[in-house]
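Every read-out reported here was derived from the displayed coordinates using simple, explicitly stated rules and does not represent laboratory data. These numbers come from a predicted model, not from an experiment. Positions of Cβ are generated from backbone atoms using ideal geometry, with glycine treated the same way; all protein chains shown enter the neighbour counts.
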């Protein structure tokens, strides 16, 4: 065993070398990149889910507005107020603006994200009107994005004309005499 005196031993410095610091910084940079990418994926997924929820709410709100207008109608399919798709095919409206408008996500050059089409089927024997709403995604080449339907019972209806798959339906709400 050789014993070295303190004079002959090299003094050792405490700290990190430049190479060790560069390796640690490279590892931190890679981890930060993965973290940012993860947050971007989560945010994109959240935006998609929020848009689908709004799409469902939009369809449901319009169906309920149509049902509210039809449930007290005395005549369906002849004259009176009209439920139809607007000329711009973006919001469900009627001639008296009874149905709600709804601010949508931005879509194509026309503005709104979803285009609306309606279908009506009347059953005069049961006084029921089946309403189907079709929502098309204008940003995705007008592909069908969502379909929903509702059956509306019209107890006060005296007359109901067959409007199977008609894009418009008319109704009037004269006072019901029982």
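Neighbour counts of other Cβ atoms within 10 Å put 70, 163 in the fewest-to-most order 163, 70. Taking other C-beta atoms within 10 angstrom as a stand-in for reagent exposure, 162, 54 fall in the order 162, 54, fewest first.
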